[in-house]
Each structure stands twice: as structure tokens, then as C-alpha cells.
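Undergrad: Okay, handing you the structure first.
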């Protein structure tokens, strides 16, 4: 699970590594998701939050984690 923090477009992860957050347009996200180049994961920790928002072509955080290798 991502245990990081985002501030001022910078991401600090649990190892204290800081990287720049990459911002892309919603149109670019849509094209990347539709082409299979990217996946769109809802960041809500619970499935209720995911069902409330339910962005087109997105998957829940629990679905994302269930597909990761152990």
C-alpha cells in the first residue's frame, strides 16, 4: 500500500524518497486507460467511497491490491 504523502507536487514515500508528482490532463488519462497503457485506481480506502464516485473505467483500491503479487 502506498504510504506516502503528496505536498507541492512532490511525493515523499515511506523510504523518505522524494520525487516530482507527474500531472497529466484528464484527456490524456482517458486515452491511456482506453489504450491499456494505464489503469485508473480509485484511492478511497473503502469500497463505499469507490461506489460513490465510480469513475468510468476505474477499479477500486481493493481490486487493485487483490491483483498484486504476494
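The values are calculated or read from the model by the stated rules, or taken from the named source; none is laboratory data. This is a predicted model, so every value here is computed, not measured. Virtual Cβ from ideal backbone geometry, glycine too; neighbours counted across all protein chains shown.
Undergrad: Any idea which residue in the range 23-61 is nearest to the chain's Cα centre (by Cα), counting only those that are surrounded by 14 or more Cβ atoms within 10 Å (Cβ to Cβ) and part of a helix (DSSP H, G or I)?
TA: That would be 61.
Undergrad: A follow-up question, please. Looking at the range 2-22, can you tell me whether even one residue there is assigned to a loop (DSSP other than H, G, I, E, B), modelled with pLDDT of 85 or more and surrounded by fewer than 11 Cβ atoms within 10 Å (Cβ to Cβ)?
TA: No: zero hits.
Undergrad: Residue under question is residue 35, and the condition is that it be in contact with a helix residue (DSSP H, G or I) (Cβ under 8 Å, 6 or more places away or on another chain) and at pLDDT 90 or above; does it hold?
TA: Considered against the rule, which asks whether it is in contact with a helix residue (DSSP H, G or I) (Cβ under 8 Å, 6 or more places away or on another chain) and at pLDDT 90 or above, residue 35 comes out as no.
Undergrad: Which residue is modelled with the lowest pLDDT, if the candidates are limited to the range 41-64 and must be in contact with a helix residue (DSSP H, G or I) (Cβ under 8 Å, 6 or more places away or on another chain) and within 14 Å of residue 29 (Cβ to Cβ)?
TA: Filtering first and then ranking leaves 43.
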